[in-house]
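Everything below concerns the one structure shown next.
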Amino acid sequence: MEPTVASLSSAIDATWVMVSAILVILMQVGFALLEAGSTRMKNAGHVAGKTVLTFGICSIAFWALGFGLTFGDGNSFIGLSGFFFDGMQKDAFSAFSAATVPISILFLFQLAFAAVSLAIAWGGFAERAKLSIYFIFSVLFTVLIYPVVGHWVWGGGWLAQLGMQDFAGSTVVHLQGAIVALVATILLKPRIGKYNRDGSSNLIPGHNQVYSVLGVLFLWIGWFGFNAGSTLGSTSGFFGYIAVTTNLATAAGAVAALAISWIVMGKADIPSMLNGVLAALVAITASCAFVDPWAAVVIGAVSGILTFYTSIWFDRMGIDDPVFAFSVHGVAGIWGTLSTGLFATPELAEKVGVGGPGLFYGGGLHQLGVQALGLAGSALYVFIIAFIILYVLKVTIGLRVTEEEEVVGLDLSEHGGYGYPELLQPERVRPAAPTQSSTSHSLT
């Protein structure tokens, strides 16, 4: 059979989406490095290892129920078809009726997004949650929380019908995960030693800043699949424009966050810069396809400054968020979702086919109102359901390890071994002290 223009175009689109899915899955490496580097050495193996575990659990739960609940044909609240996905049943997913990409590739791409949202949530559990909670909550998040908001916005639900603009998931992916992280930090309470009796905060620094930097770079690269891949095709070339706005916003977030930390603290703080990078990526995720490049720079810079100040504020309020999940993914997710209601251009809104222009482009308050309504409805749903689930787990099996286990570290208490065994176990063999002659010889 001779190839046609349509078949070649479809093959190119499918290849791009598959590559994008791999890039988004690769973001799990970024989360593992970032979170392990931002926490203490005694928990590093646990933090990195649970990333693999929860991605596996999420994959199975999303295949069984999550994909159908999110994108299956149903009603304005939830999808009701396509469960236990067989890799072929595209007729159960009218949300993808316009896509030329095989449904199996679309499944992998959307699975990667659900897994990212779950990975964000774990930031609020860091260094004190039981391993059993990761098993249980991974399933419940993938089936009861993520699919509902996902269906509302992307699966043809009521927010999609209103024209909510969330191109790649500032609300659907990032705000959901951030709200769960916030609920977890509230119910788990602060880590031992984080706060003094007078309410003042103690800094608990991460053990490896290089890991954190590498993690953020992995995430920055993976985000090109996250945002640009959400075109679900490449032959139009629009994915390149989205990559440009994504990169500009991220660069602005990095510079702005480092600058504001330097101004306020008197030193250029690297963790603040890293948070600025991630906050900018989160913010531009909703608006990358709707805004001009100059607006992307503004969106990124504002998000970098917002995450700096809000992380300080939450810490002062007694909320121990070890990786600043809510400041980075929650506050920036809110700002990014609202930003399309301000900066969306008429031409790009028409090109994407969702919603209308923003306030600064003659659209009035309509699109901004839709964005605000979508944020409020999504945040309220996720907070209530997450609180109910985690509260029930807290009063039944318990969320938190014992004080002794937390002091020892989760590597040892949950897994029976250290992530850095050579550094943390007693030294068994000590080298002989150098002699006077060998010392002299080494200096000559």
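The values are calculated or read from the model by the stated rules, or taken from the named source; none is laboratory data. A quick note: this is a predicted structure, and the numbers were derived from the prediction, not measured. All Cβ positions, glycine included, derive from the backbone under ideal geometry; neighbour counts span all protein chains shown. Quick note on the areas: whole protein, heavy atoms, side chains included, nothing else; ligands and nucleic acids left out. Shrake-Rupley method; radii C 1.70, N 1.55, O 1.52, S 1.80 Å.
Helix screen, the chain: DSSP H segments with Cα axial length of 30 Å or more and mean Kyte-Doolittle hydropathy at least -0.5 are 5-37, 238-265, 293-316, 366-396.
The dipole here belongs to the stretch 300-405: it is taken about the Cα centre, uses +1 on the Cβ of Lys and Arg and -1 on the Cβ of Asp and Glu, and is about 320 debye.
Once Rh is set to the Kirkwood radius over Cα pairs, what Stokes-Einstein translational diffusion coefficient, in µm²/s, holds for the stretch 192-335 at a temperature of 37 °C and a viscosity of 0.692 mPa s? Translational diffusion coefficient: 210 µm²/s. For the pair Ser236 and Ser94, the difference between a 0.36 nm per residue extended length and the Cα-Cα distance amounts to 48.9 nm. Taking all Cα pairs closer than 8 Å and separated by 6 or more residues, the relative contact order of the stretch 1-147 comes to 32 percent. Gaussian network model of the chain, Cα springs within a sub-10 Å range: biggest mean-square fluctuation belongs to which of Thr396, Thr285, Thr51? Sorting by GNM fluctuation, first place goes to Thr396.
Based on DSSP H segments of at least four residues, each scored -39500 (n - 2.57), the chain has a per-residue ellipticity at 222 nm of -20000 deg cm²/dmol. Note on the stretch 145-200: semi-axes of the ellipsoid equivalent to its C-alpha gyration tensor, largest first and rounded to whole Å, are 35, 10, 8. For the chain, the relative contact order works out to 21 percent when only alpha carbon pairs closer than 8 Å and six or more residues apart are counted. Residues in the chain average 42 Å² of solvent-accessible surface per residue, probe 1.4 Å, ligands and nucleic acids excluded. Return the single residue from Thr15, Thr307, Thr250 with maximal mean-square fluctuation; model: Gaussian network over the chain, springs between Cα atoms under 10 Å. In this elastic network of the chain, the residue with the biggest mean-square fluctuation among Thr15, Thr307, Thr250 is Thr15.
For the chain, a crude dipole built from +1 on the beta carbon of Lys and Arg and -1 on the beta carbon of Asp and Glu, taken about the Cα centre, is about 780 debye to the nearest 20. Once divided by 2.2 N^0.38 Å, the Cα radius of gyration of the stretch 3-143 becomes 1.19.
Other residues with beta-carbon under 14 Å from the beta-carbon of Ser81 carry, at +1 per Lys or Arg and -1 per Asp or Glu, a net charge of -2. Taking 0.36 nm per residue of separation and subtracting the current Cα-Cα distance, fully stretching the chain between Leu8 and Ser201 would add 63.6 nm. Computed over the alpha carbons of the stretch 85-167, Rg followed by Dmax gives 15.1, 45 Å. Go through Ala286, Leu187, Leu248 and say which Cα lies farthest out towards the positive end of the charge dipole of the chain; charges sit on Cβ, +1 for Lys and Arg, -1 for Asp and Glu. Towards the positive end, the residue furthest out is Leu187. Give me the one-decimal Kirkwood hydrodynamic radius in Å for the stretch 21-76, with the sum taken over alpha-carbon pairs. In the stretch 21-76 this quantity evaluates to 13.0 Å. Within straight-line reach of Lys194, meaning a Cα separation under 25 Å, sit the following lysines at least 8 residues removed in sequence or on another chain: Lys42, Lys50, Lys130, Lys267, Lys394. Of the residues Ile120, Ile204, Ile57, the one that moves most in a GNM of the chain with alpha-carbon contacts below 10 Å is Ile204. Only Cα pairs under 8 Å and 6+ residues apart enter the sum, and on that basis the relative contact order of the stretch 156-302 stands at 29 percent. Volume of the convex hull of the stretch 109-255 (Cα atoms only), normalised per residue: 158 Å³. Across the options Gly68, Gly318, Val172, the greatest Cα extent toward the positive end of the charge dipole of the chain (unit charges at beta carbon of Lys, Arg, Asp, Glu) belongs to Gly318.
Evaluated at q = 0.10, 0.11, 0.12, 0.14 Å⁻¹, the base-10 log of the normalised Debye intensity for the chain, with identical point scatterers placed on the Cα atoms, takes the values -0.69, -0.82, -0.97, -1.29.
Take the alpha-carbon positions of the stretch 193-235, form their convex hull, and give its projected area averaged over all directions (one quarter of the hull surface) in nm². Present the calculation step by step, with values, prior to reporting the outcome.
Values: hull surface 19.8 nm².
For the Cα atoms of the stretch 193-235, the hull's average projected area reads 5.0 nm².
Along the axis of the charge dipole computed for the chain (Cβ charges of +1 for Lys and Arg, -1 for Asp and Glu, origin at the Cα centre), the listed residues Val52, Gly79, Ala372 are led at the positive end by Val52.
Strictly greater than 17 Å: what percent of every Cα pair in the stretch 239-281 meets that?
So the pairs more than 17 Å apart make up 32 percent of the total in the stretch 239-281.
Only Lys, Arg, Asp and Glu carry charge here, each on its Cβ (+1 for the first two, -1 for the last two); on that basis the stretch 1-141 has a dipole of about 760 debye about its Cα centre.
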